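*Asks:* What follows is a single structure, and I will ask about it in a moment.
The values are calculated or read from the model by the stated rules, or taken from the named source; none is laboratory data. Remember, it's a predicted structure, so these values are computed and weren't measured experimentally. Note that we place each Cβ from the backbone using ideal geometry, even for glycine, and neighbour counts take in every protein chain shown.
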Amino acid sequence: MALREGDQQDWERPVSWEQAHAYIQESTVESLGRMNRNSEGRAVYRAAMADIKTRYASTQDYLYETVFGIQTAPSSEGKLVAVLPPEFTDSNSSSVIKVWRKNDFPYNYEIWHAHVLVLDSQRS
């Protein structure tokens with residue numbers, strides 16, 4: 001199966017299951033980069049990321065608050081930072097919280113495919 005080319009028109013066409021499977025099988029930065037958002041999805045993603053970067057010290061702090069319900073507090077720069085409980089910072093802790101959720105900014109897949117994320121509380 002031929003991989004999608006990178007011209008703008010191709011990005012507007014949803015990725016099929018077969019294409020997504022081929023990109024993941026190849027598993028290179030280039031192939032995985034071919035799974036993109038359409039222009040509307042990119043605009044929503046960029047606006048949200050700009051807002052997140054304005055309000056939070058990092059994307060990770062945003063995810064800790066919105067996905068895991070961890071409290072945040074303003075840093076000295078005024079950006080929100082997650083106040084992590086001990087089980088999130090103890091490398092010996094066996095406590096891991098896993099969350100399945102739809103991607104807030106899904107890639108441009110054919111309509112019957114869902115883009116789901118699995119997030120866990122362990123720091124890498």
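*Asks:* Considering every residue within segment 94-106, establish whether at least one is in a loop (DSSP other than H, G, I, E, B), of a type outside the set (Gly, Ala, Ser) and touching a residue at least 60 places away in the same chain (Cβ under 8 Å).
*Replies:* Yes - at least one qualifying residue is present in segment 94-106.
*Asks:* Moving to a separate point now. For segment 93-105, give me each residue that is exposed (fewer than 11 other Cβ atoms within 10 Å of the Cβ), more than 25 Å from ASP51 (Cβ to Cβ) and either at pLDDT 80 or above or over 20 Å from the mean Cα position of the chain (by Cα) (or both).
*Replies:* Listed by number, the list holds a single entry, SER94.
*Asks:* Whether any residue in segment 11-25 is modelled with pLDDT of 90 or more and loosely packed, with under 11 Cβ neighbours inside 10 Å is what I want to check.
*Replies:* Yes - at least one qualifying residue is present in segment 11-25.
*Asks:* Could you go through segment 46-56 and let me know if any residue there is surrounded by 10 or more Cβ atoms within 10 Å (Cβ to Cβ), in a helix (DSSP H, G or I), acidic (Asp, Glu) and at pLDDT 90 or above.
*Replies:* Checking segment 46-56: at least one residue is surrounded by 10 or more Cβ atoms within 10 Å (Cβ to Cβ), in a helix (DSSP H, G or I), acidic (Asp, Glu) and at pLDDT 90 or above.
Yes/no per residue for (1) surrounded by 10 or more Cβ atoms within 10 Å (Cβ to Cβ); (2) at pLDDT 70 or above; (3) not assigned by TED's automatic domain parsing to the domain that holds LEU32:
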site	(1), (2), (3)
PHE68	yes, yes, yes
PRO74	yes, yes, yes
GLU77	no, yes, yes
VAL83	yes, yes, yes
PRO86	no, yes, yes
SER91	no, no, yes
TYR107	yes, yes, yes
GLU110	yes, yes, yes
HIS113	yes, no, yes
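*Asks:* Also, quick follow-up: Residues in segment 18-41 that are hydrophobic (A, V, I, L, M, F, W, C), assigned to a helix (DSSP H, G or I) and in contact with a strand residue (DSSP E or B) (Cβ under 8 Å, 6 or more places away or on another chain): how many?
*Replies:* 1
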